[in-house]
Amino acid sequence: MNSEELSKLVEEYKAGKKAVMGSIYSFTIKKVYLYIYSKVGNKNWTEDIVSETYLTLFGILSKFDGSSKLETFIIGIANNKIRQYFSKIKESHSLEDEEEFLIVEDDELEESTKNKFLKEKLNEILKKLPENYQNVLIYRFIKSNTIKDTAKILKISEANVRVIQNRAIKKAVEIANQININ
């Protein structure tokens, strides 16, 4: 399913066809789940936040104006839910629970968990890409090189870097959608 088909599903939902909720959920869940997990680093919390995100989405989807991609809209909802979730945790924890909450607050641990998960998934995805795709993605996004610098390093044209980058990202997304996230 592509973005155009997703937009059609949203229009059907707005027209009262609530049965398309499952299709919208199926199309977007992997990206949303991975995004939330990368932010919270805990499977149970991720599942709670995913549930809240989709409950909110289907409550306000009829107001979605299409000025952004639906996935971007959902990630915005997810960010709000993540903030709310951590606020609830902070408010509800008593002094007895302070030690457990400190783990949530510890940026280094959270960053470490998030980085480990992302590195594992990134390595898994990169290994499945052709070498030229790997090189462009590594130089552009891991080493943060410009298109111009990447072209010089790989001895290809800037236009070729852009083409390979776009193809590599599309292929990486396809692979990411195939990876089992459980």
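Derivation of every value follows stated rules applied to the coordinates shown; laboratory data play no part. Every value quoted in this text rests on a predicted model; they were computed, and no experiment measured them. Note that each Cβ is placed from the backbone with ideal geometry, even for glycine, and that neighbours are counted across all protein chains shown.
Taking region 16-66 as the range and being among the small types (Gly, Ala, Ser) and closer than 13 Å to Lys81 by Cβ as the test, the residues that pass are Ser51, Gly59. Residues in region 57-71 that are in a helix (DSSP H, G or I) and surrounded by fewer than 16 Cβ atoms within 10 Å (Cβ to Cβ): Phe58, Gly59, Ile60, Ser62, Lys63, Glu71. Within region 11-22, the residues that satisfy the criterion of being under 17 Å from Leu55 (Cβ atoms) and either aromatic (Phe, Trp, Tyr) or surrounded by 15 or more Cβ atoms within 10 Å (Cβ to Cβ) (or both) are Tyr13, Val20, Met21. Total residues in region 150-168 satisfying the condition of being surrounded by fewer than 16 Cβ atoms within 10 Å (Cβ to Cβ), part of a loop (DSSP other than H, G, I, E, B) and aliphatic (A, V, I, L, M): the figure is 0.
Of everything in region 1-49, what is among the small types (Gly, Ala, Ser) and either farther than 20 Å from Asn177 by Cβ or not in a helix (DSSP H, G or I) (or both)? Give them in sequence order. Ala15, Gly16, Ala19, Gly41, listed by residue number.
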